[in-house]
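What follows is a set of notes on a single structure, which appears directly below.
The values are calculated or read from the model by the stated rules, or taken from the named source; none is laboratory data. Keep in mind it's a predicted model, so treat the numbers as computed, not measured. A quick note on method: Cβ atoms are made from the backbone with ideal geometry, for glycine too, and the neighbour counts reach across all protein chains shown.
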């Protein structure tokens, strides 16, 4: 990369009083500064409607960092780089005043004219803000300007195209960083390394040796205080369109010819192009939706989705999705990719299970029911690591086998200080590395696939609730796999 490895930067956060900024952004910036990853020549401008002073803002920043890291020190010095500007995104005067502040801070902190605009607020303002930044000269600088956009990027393909058109009127594609925090997770990034740095796996990574691939991302929490947002999006927009399909693309992509942003993105886009589109009459065969009712989690009774808020009493929004995907190319023809994600489920975990085909005659098991195929499991969260399940001689028997687990748990290595996903992605943006951000083509192809499902679902009234809180989802999600002789692996 041509830029210095310790970038100087002025970060402008729109929505600076929101939950995302407090929980993720401020602690991540602290880690980047404290670890010496970015230069001490930095400043942060917090932008929101509240009438805060610099002092109030800095107190909130220090509190959020202290909450994330109990041993945090030099907080007063760190917080002194943060400045607050009360801001109404719809008013031209707000941008005029902000431009004056930007120039003052760039002189004070010597940030080399590098500006990172982070839109951590309602997406309906994204296009307006982007164009106002250009209109008021905030993109005119001796350094670089980059725009980070949080999901959701649109509500469907049509709205995503409209939003992209507005943003592209002000920013070039290589200046737009559409963030997907799953792509910042250590073990998600490790998918490529596990595949392409190990001949033991890559030579077998195809339809000749793999019978199916399963991706699970489950939560024990309900909607908490996000009921309004969540009810408008549902599980398929909140999780499948972005996080789940991104993991499918990483698992299925061809080896890139070089480890560059363009080459890796190109291979991911090819996967999404090869994703088999569903006809309306195929949607029910390939996808299951659910909504949780009341149940029990960790010994405590919890209410159903429709009882979480008065706004949800008659809601038909799905809190669970399971699906069977096919990628129609030479490598993956005939291999089902199963995905499932949901709220109020039995366990909080994100994992990938690759099930390898069994040998034709396995004489070391008494019956078909006892046979255990080889599995490669990639644990993404809350544990980070990989496990390989092999068959070995069963103790005390003459010729019987049992599965054994060979595992590596990254959390157990105390010397590894695993960066938070947002910390990694913020730094990547500062150095201009867009590898772990989604390209517009990926967004568009994902929405095209999701729209074909949503168009069928919106015409039908679902029978909700259809799974108990504390379970692993509706029974029909298990039937998706049983059709092909498989089952969800709880490993």
Checklist (1) crowded, with 18+ Cβ neighbours inside 10 Å; (2) in a helix (DSSP H, G or I); (3) within 25 Å of the chain's Cα centre (by Cα) applied to residue 124, failing item
(1)
Among the residues of the range 433-478, write down those that are touching a residue at least 24 places away in the same chain (Cβ under 8 Å), more than 30 Å from residue 173 (Cβ to Cβ) and part of a helix (DSSP H, G or I).
456, 457, 476, 477
Condition check: in the same structural domain as residue 473 (by TED's automatic domain parsing) and in contact (Cβ under 8 Å) with a residue 12 or more places away in the chain. Does residue 240 satisfy that?
yes
The range 191-209 residues that are over 10 Å from residue 356 (Cα atoms), paired with ones that are in a helix (DSSP H, G or I) and at pLDDT 95 or above (beta carbon under 6 Å, 6 or more apart)
191/250
Of all residues in the range 258-293, which are modelled with pLDDT under 95 and outside any helix (DSSP H, G or I)?
258, 259, 260
Only one of these conditions is not met by residue 263: (1) surrounded by fewer than 18 Cβ atoms within 10 Å (Cβ to Cβ); (2) within 24 Å of residue 474 (Cβ to Cβ); (3) over 19 Å from the mean Cα position of the chain (by Cα). Which number is it?
(2)
State whether one or more residues within the range 29-46 are over 25 Å from the mean Cα position of the chain (by Cα) and part of a helix (DSSP H, G or I).
yes
Would you point out which residue out of 140, 192 is under 28 Å from residue 447 (Cα atoms) and out of contact with any strand residue (DSSP E or B) (no Cβ under 7 Å at 6 or more places or on another chain)?
192
All but one of (1) surrounded by 17 or more Cβ atoms within 10 Å (Cβ to Cβ); (2) in a helix (DSSP H, G or I) hold for residue 52; state the number of the condition that does not hold.
(2)
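Specify which of the listed residues (378, 339) is under 27 Å from residue 291 (Cβ atoms), modelled with pLDDT of 95 or more and buried (at least 17 other Cβ atoms within 10 Å of the Cβ).
339
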